[in-house]
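A quick write-up on the structure given underneath.
The values are calculated or read from the model by the stated rules, or taken from the named source; none is laboratory data. None of the values given here were measured: they were computed from a predicted structure. Note that we place each Cβ from the backbone using ideal geometry, even for glycine, and neighbour counts take in every protein chain shown. Areas reflect the complete protein model, heavy atoms only, side chains present, ligands, DNA and RNA absent. Shrake-Rupley method; radii C 1.70, N 1.55, O 1.52, S 1.80 Å.
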Amino acid sequence: MGSIRRRAAIAEALAAILIAAAIIGQLVFSLSLEPPDVAFFLTNFFSFFTILSNISAVLALAWGAWYLWRAERFPTWFVTAFAAAVTYMAATGIVYNTLLRGVSLDQESTLGWSNEVLHLVGPILVVGLWLLVQRRDALRWSHVFVAAVFPVVWAVYTLIRGALTGWYPYPFLNPAQPGGYGAVAVYVVAIAGIIIGIDALLIWGSRRVRAGS
């Protein structure tokens, strides 16, 4: 069992390093193009749900690797946080690859390999590692509400900041699109449904594994 945990720890650490490298790579590449307002650009960069969800994944994977390597039991709070990160990464992958692939986003420029890691490889790795590594504790159904807090706060922040600056991280959140705020509301509700659905699947799966163990 010890060797299995060690291999899992290495896998999670390597995944965390890859995703962190993709975040840093995109940031450095974009800054190398010398955006006119660096402070505004940096705020925009860290306002993308993709970047924030990938940062949460790096933290969850790194911490998970630590617990695995030390053969410690996963605390309940960590399982709760890791599951939320998995939900956000899965949602990032689904939304990007169904709505945004091929759409040019305003972040100075996109670094190809980094973009694929953040939107495709990373989500697959995070979901895969969640499924492969036994976290022991079953998630409660109330976790849906826990996982929904960050996306709700992010959406409110994005719309308020967008109204003040005229900048939105994703075109479907811009009320200047046809349909205005009504169209934005439809997209937000749809994405909320995706996030809730993914989290519900994680909860259901964790409870089945716990019941069968």
Report summary line: Of the conditions (1) buried (at least 18 other Cβ atoms within 10 Å of the Cβ); (2) within 18 Å of residue 49 (Cα to Cα); (3) at pLDDT below 95, the single one that residue 122 does not satisfy is (3)
Report summary line: Scanning region 59-75 for residues that are in a loop (DSSP other than H, G, I, E, B) and either over 13 Å from residue 130 (Cα atoms) or at pLDDT 90 or above (or both) gives 70, 71, 72, 73, 75
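Is it fair to say residue 178 is buried (at least 17 other Cβ atoms within 10 Å of the Cβ) and either over 17 Å from residue 84 (Cα atoms) or in contact with a Phe, Trp or Tyr (Cβ under 9 Å, 6 or more places away or on another chain) (or both)?
Details: buried (at least 17 other Cβ atoms within 10 Å of the Cβ): no; either over 17 Å from residue 84 (Cα atoms) or in contact with a Phe, Trp or Tyr (Cβ under 9 Å, 6 or more places away or on another chain) (or both): yes.
It is false that residue 178 is buried (at least 17 other Cβ atoms within 10 Å of the Cβ) and either over 17 Å from residue 84 (Cα atoms) or in contact with a Phe, Trp or Tyr (Cβ under 9 Å, 6 or more places away or on another chain) (or both).
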Query raised in the report: Quick one: residue 86 ticks every box in (1) within 11 Å of the chain's Cα centre (by Cα); (2) more than 22 Å from residue 124 (Cβ to Cβ) bar one, so which box is it?
Result: (2)
**Report entry** Residues that are closer than 14 Å to residue 26 by Cβ and either surrounded by fewer than 17 Cβ atoms within 10 Å (Cβ to Cβ) or in contact with a strand residue (DSSP E or B) (Cβ under 6 Å, 6 or more places away or on another chain) (or both), drawn from region 36-51
**Finding:** 42, 46
Query - Residue, surrounded by the most Cβ atoms within 10 Å (Cβ to Cβ), within region 53-77, restricted to residues that are touching a residue at least 60 places away in the same chain (Cβ under 8 Å) and touching a Lys or Arg at 6+ places or on another chain (Cβ under 9 Å) - result: 64
Requested in this report: Please give the number of the condition residue 80 fails out of (1) closer than 20 Å to residue 205 by Cβ; (2) open to solvent by 70 Å² or more (accessible area, probe 1.4 Å); (3) of a type in the set (Val, Ile, Thr).
Outcome: (2)
Report summary line: In the set 83, 91, the lone residue that is modelled with pLDDT of 90 or more, over 23 Å from residue 168 (Cβ atoms) and outside any loop (DSSP other than H, G, I, E, B) is 83
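For (1) within 20 Å of residue 84 (Cβ to Cβ); (2) part of a helix (DSSP H, G or I); (3) in contact with a helix residue (DSSP H, G or I) (Cβ under 9 Å, 6 or more places away or on another chain), each residue gets a yes or a no:
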residue: 154; (1), (2), (3): yes, yes, yes
residue: 160; (1), (2), (3): no, yes, no
residue: 167; (1), (2), (3): no, no, yes
residue: 184; (1), (2), (3): no, yes, yes
residue: 191; (1), (2), (3): yes, yes, yes
residue: 199; (1), (2), (3): yes, yes, yes
Report task. Identify the residue in region 184-213 that is over 13 Å from residue 151 (Cβ atoms) and surrounded by 16 or more Cβ atoms within 10 Å (Cβ to Cβ) and, among all such residues, is modelled with the lowest pLDDT. Result -> 206
Query raised in the report: Is at least one residue of region 58-75 closer than 25 Å to residue 9 by Cβ and under 10 Å from the mean Cα position of the chain (by Cα)?
Result: yes
Query raised in the report: Would you call residue 94 more than 16 Å from residue 20 (Cα to Cα) and either without any contact (Cβ under 8 Å) to a residue 40 or more places away in the chain or within 15 Å of the chain's Cα centre (by Cα) (or both)?
Result: yes
Requested in this report: Would you check if residue 143 is in contact with a helix residue (DSSP H, G or I) (Cβ under 6 Å, 6 or more places away or on another chain), under 15 Å from residue 54 (Cα atoms), surrounded by 13 or more Cβ atoms within 10 Å (Cβ to Cβ) and not aliphatic (A, V, I, L, M)?
Outcome: no
